[in-house]
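What follows is a set of notes on a single structure, which appears directly below.
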Amino acid sequence: HTLRFRGNNGYGGGGGGGRSGTTVLACLYTKHKTQKRKVWQDGRLVLRGGCRAVLHEARPPPGSGDAPLDAAELTRSQYDDVASGRETDLETEKFLVTAEGPWRGEGVSGGG
């Protein structure tokens, strides 16, 4: 999958993690890519190793194993832009995703 950016809103966050680590961001996602009225869900966007973005539910149901919803390949500059907040709106094959800042969830593993 290839990541496509959809605008530049910037949340101004640091993101942290660096290119070789894992950065976990809070996000909203929707499968309603073409509809005017979209239903947004809470999610986690996991940036891994500077080359991959993986979308997860914010709070997966017990027993689900926290399976990814979708993933997209990133270039190094795309990774940096998303991790730093310079880019917040992106599109995977299945979803529109808006990064909102560093993940502050409790009791959910960020993977990696």
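The values are calculated or read from the model by the stated rules, or taken from the named source; none is laboratory data. These numbers come from a predicted model, not from an experiment. Note that we place each Cβ from the backbone using ideal geometry, even for glycine, and neighbour counts take in every protein chain shown. Note: areas computed on protein heavy atoms with side chains; ligands, DNA, RNA excluded. Shrake-Rupley method; radii C 1.70, N 1.55, O 1.52, S 1.80 Å.
Amide H contacts for Trp103 (H built 1.01 Å from N in the peptide plane; partners 5 or more residues away or on another chain; cut-off under 5 Å): Val24, Leu25, Ala26. Each residue of the stretch 35-48 was assigned a 3J(HN,Hα) from its phi angle through the Karplus expression (A = 6.51, B = -1.76, C = 1.60, θ = phi - 60°), giving 7, 5, 8, 9, 9, 9, 10, 6, x, 10, 10, 9, 9, 10 Hz with x at Gly and Pro.
3J(HN,Hα) couplings calculated from phi for the stretch 78-85 with the Karplus curve 6.51 cos²θ - 1.76 cosθ + 1.60 (θ = phi - 60°) are, in sequence order, 4, 4, 4, 5, 6, 5, 8, x Hz; Gly and Pro show x. Taking label positions 7 Å along the Cα-Cβ direction at both Arg104 and Ser77, the computed distance is 3.2 nm, reported to one decimal. In this structure the amide hydrogen of Leu69, modeled in the peptide plane, comes within under 5 Å of the amide hydrogens of Leu55, His56, Glu57, none closer than 5 places in sequence on its chain. The Stokes-Einstein estimate for the stretch 39-88, based on a Kirkwood radius over Cα pairs and taken at 37 °C with 0.692 mPa s viscosity, is a diffusion coefficient of 280 µm²/s.
In the stretch 31-112, carbon and sulfur make up what percent of the accessible area (probe 1.4 Å)? On the stretch 31-112, the fraction of accessible area on carbon and sulfur atoms equals 48 percent. Residue ranking by accessible heavy-atom surface, 1.4 Å probe, largest first, among Lys31, Lys36, Lys94 comes out as Lys36, Lys31, Lys94.
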